[in-house]
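First comes the structure, then the notes that go with it.
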Amino acid sequence: MFNTGVVGYIETLTDPSYWGQIIMQTFPSVGNYGIIEEDFEGECACRGYVVREWCPEPSNFRSQYTLDAFLKAQGIPGICGIDTRAVTQHIRQKGVMNAMISDRVPQDLAPLKALSIRGGVAEVCAKAQAFYPATGKKKCTVTLVDYGTKRNIIRELNARGCDVTVVPPTTPAQDILAARPDGVMLSNGPGDPAENTACIAEIAKLLGKAPMFGLCLGHQMMALAAGGQTVKLKYGHRGGNQPVTDRQTGHTYITSQNHGYAVVSESLPEGAQLRFVNANDGTCEGIDYPSLNAFSVQFHPEACAGPRDTSVLFDRFVEMMGNKGTGNRE
């Protein structure tokens, strides 16, 4: 798959949602500001990295080491000198496909053709519960269901006065509700949302019981839990320059995205409202569920590096919890 971001390769390489994928950057020069561990979003989970050219001597006072050193330390094969523009055009015409990075063309391509990437959530999710206290005065409590969450989601909630408890995706809905959180957040994650049947069943039990905010994979699974459908896109949306229009206000935002599946707008159940659409292809980018006190978006309002225009969605979630929360707020 290809990523159209001009900057943000550190965040891309450490986003758990890229589990199992070979990432190709369309921007021609990568590695210019080195690797900065403070900017990591999680553990590196991709399978390979492809660039036109990489910078062996980064210029940045925060840089700790080079992109090449990072990939070697992670055991991730990388390749440069590739005509990434030509490969991008091929993917746009043919769609995402199985691929490998190799120093020679294999005699037998059958294993590559048969490759199926499944079970990503179980690979990258939290394995145990963890607690992250609010920055400053506590306003509310949030349970974040981790399907492969980016660290900045937690930071954005903490910065708004939210105590955040991160739980594994196998946590039963009844256990989440028993803790009486003011809100529940569904994180991003990798892969086909429809394969996570057990997670979707638990989300269905949570809908309407507490204010809820879903991001990316969480957005898709919330729609499935509500009775909607999802579809695999030809080549997905990945990068920090994806235009999204708010149908309620008419404003178009530039967003950061990483997904290969989308909610089918025509499949939304009664009571669900299509709120955001992709300005390029019209696909679903966000849904409101007024009767369930929930909403979700396909893009990443917490993205760093990336546009910050839609970070107000976290404010919306906090306000929703303040008005409708069921837990022990201060």
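The values are calculated or read from the model by the stated rules, or taken from the named source; none is laboratory data. Note that the structure is a prediction, hence the values are computed from the model and not measured. Every residue, glycine as well, gets a Cβ built from its backbone with ideal geometry; the counts of neighbours run over all protein chains shown. The accessibility values were calculated without ligands, DNA or RNA, using every heavy atom of the protein model including side chains. Shrake-Rupley method; radii C 1.70, N 1.55, O 1.52, S 1.80 Å.
For region 137-170, filtering for residues that are on the phi > 0 side of the Ramachandran plot and buried (at least 20 other Cβ atoms within 10 Å of the Cβ) leaves 1. Within region 45-64, the set of residues being acidic (D, E) and farther than 14 Å from I82 by Cα comprises E57 only.
Screening region 212-322 for strands (runs of 3 or more DSSP E) wholly inside it with 3 or more residues that are under 18 Å from E195 (Cα atoms) and out of contact with any Gly (no Cβ under 9 Å at 6 or more places or on another chain) returns no ranges.
Only residues that are modelled with pLDDT under 95 and closer than 13 Å to M222 by Cα were counted across region 269-284, and they come to 1.
State whether one or more residues within region 73-88 are modelled with pLDDT under 95 and open to solvent by 90 Å² or more (accessible area, probe 1.4 Å). Checked against the condition, which is being modelled with pLDDT under 95 and open to solvent by 90 Å² or more (accessible area, probe 1.4 Å), region 73-88 yields no hits at all.
Those helices (runs of 4 or more DSSP H) of region 101-191 in which 2 or more residues are in contact (Cβ under 8 Å) with a residue 40 or more places away in the chain occupy 120-124, 151-159. Candidates are the residues of region 246-266 that are free of Cβ contacts under 8 Å to residues at least 40 places away in the same chain and among the polar types (S, T, N, Q); the one that is least open to solvent (accessible area, probe 1.4 Å) is S265. Against the test of being open to solvent by 10 Å² or more (accessible area, probe 1.4 Å) and hydrophobic (A, V, I, L, M, F, W, C), the options A204, A173 yield a single qualifying residue, A204.
No other residue among C199, C162, C216 is closer than 20 Å to G306 by Cβ and of a type outside the set (D, E, K, R) apart from C216.
One residue stands out among those in region 285-318 that are modelled with pLDDT of 95 or more and over 22 Å from G250 (Cα atoms): the one that is most open to solvent (accessible area, probe 1.4 Å), which is S291.
Considering region 7-41, and only residues there that are out of contact with any strand residue (DSSP E or B) (no Cβ under 6 Å at 6 or more places or on another chain) and at positive phi, the residue that is modelled with the highest pLDDT turns out to be G34.
Checked across region 220-233, the condition of being of a type in the set (A, V, I, L, M), open to solvent by 40 Å² or more (accessible area, probe 1.4 Å) and in contact (Cβ under 8 Å) with a residue 40 or more places away in the chain holds for no residue. Checking each residue in region 91-100 for being loosely packed, with under 14 Cβ neighbours inside 10 Å and either in a helix (DSSP H, G or I) or among the aliphatic types (A, V, I, L, M) (or both) picks out R92, Q93, K94, M97. Scanning region 27-57 for residues that are open to solvent by 20 Å² or more (accessible area, probe 1.4 Å) and in contact with a Leu (Cβ under 8 Å, 6 or more places away or on another chain) yields C44, W54, C55.
Once region 87-127 is narrowed to residues that are in contact with an Asp or Glu (Cβ under 9 Å, 6 or more places away or on another chain) and among the small types (G, A, S), the residue that is nearest to M1 (Cα to Cα) is G120. Every condition in (1) under 28 Å from V96 (Cβ atoms); (2) loosely packed, with under 14 Cβ neighbours inside 10 Å; (3) in contact (Cβ under 8 Å) with a residue 60 or more places away in the chain is met by D281 except one, and the failing one is (3). Scanning region 267-277 for residues that are touching a strand residue (DSSP E or B) at 6+ places or on another chain (Cβ under 8 Å) and surrounded by fewer than 21 Cβ atoms within 10 Å (Cβ to Cβ) gives L268, G271, Q273, L274, R275, V277. Of the listed requirements (1) open to solvent by 50 Å² or more (accessible area, probe 1.4 Å); (2) at pLDDT 95 or above, N3 misses just one: (1). Scanning region 39-62 for residues that are of a type outside the set (D, E, K, R) and within 30 Å of V166 (Cα to Cα) yields F40, G42, C44, A45, C46, G48, Y49.
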